[in-house]
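Scroll down for the structure; my scribbles are underneath it.
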Amino acid sequence: MAVRYPSDEWIKELSRICNEDPEFKTVAGKFSGKFIFQVEPEEGKLDQTALLSVRVEHGTTSEARALSSLDECPDADYVVTGKYSVWKNVVQGKQEPLRAIMTRKLKLVKGKQLNLLKEVKLALKIMNTSAGIDAVYPDDR
């Protein structure tokens, strides 16, 4: 059954799939960090900001949920923000997330960029996993 992106159901589905994938555990290795993905609205595509949070810790994901505000998760290690259309391309596997950060299509507003750049395999694994989610998007009519 398709889940709506960006939503609580979508981030929980991503977490579930990652946790069931033995390759994810290997790729995530010893990485530990809590992420907030801030999806900014665009007229005719997404009406309001969406905040999706997930913790990656030593090969598993946890605490996957949608947030109402950044104040709900002050302990986030990384906050990555960008317009809906950029995020949509990332989660559909059409845009590499680290390349989007390097070209400033996505902005790392909290956390150390160098730490993320070291985790290319992890970023690609998450991107490839998200592309496999049966999702519906608010601008797909």
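Here are the numbers for the structure shown:
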read-out	value
Residue list for the stretch 101-141, filter: assigned to a loop (DSSP other than H, G, I, E, B), among the charged types (D, E, K, R) and more than 18 Å from ALA50 (Cβ to Cβ)	ARG104, LYS112, LYS118, GLU119, ASP134, ARG141
Filter pass, SER32 being in contact with a strand residue (DSSP E or B) (Cβ under 9 Å, 6 or more places away or on another chain), of a type in the set (Ser, Thr, Tyr) and under 15 Å from ASP139 (Cβ atoms)	no
Hits in the stretch 83-141 (condition: surrounded by fewer than 17 Cβ atoms within 10 Å (Cβ to Cβ), closer than 19 Å to VAL27 by Cβ, touching a residue at least 12 places away in the same chain (Cβ under 8 Å) and charged (D, E, K, R))	GLU96, LYS121
Inter-residue pairs, beta-carbon under 8 Å, first more than 19 Å from SER62 (Cβ to Cβ) and modelled with pLDDT of 95 or more and in the stretch 1-15, second crowded, with 20+ Cβ neighbours inside 10 Å and among the basic types (Lys, Arg), 6+ apart	TYR5/LYS88
Tally, over the stretch 46-101, of residues that are of a type in the set (D, E, K, R) and over 30 Å from ARG141 (Cα atoms)	7
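The values are calculated or read from the model by the stated rules, or taken from the named source; none is laboratory data. Please read all numbers here as calculations on a predicted model, not as lab measurements. So basically every Cβ, Gly included, is an ideal-geometry build from the backbone, and we count neighbours across all protein chains shown.
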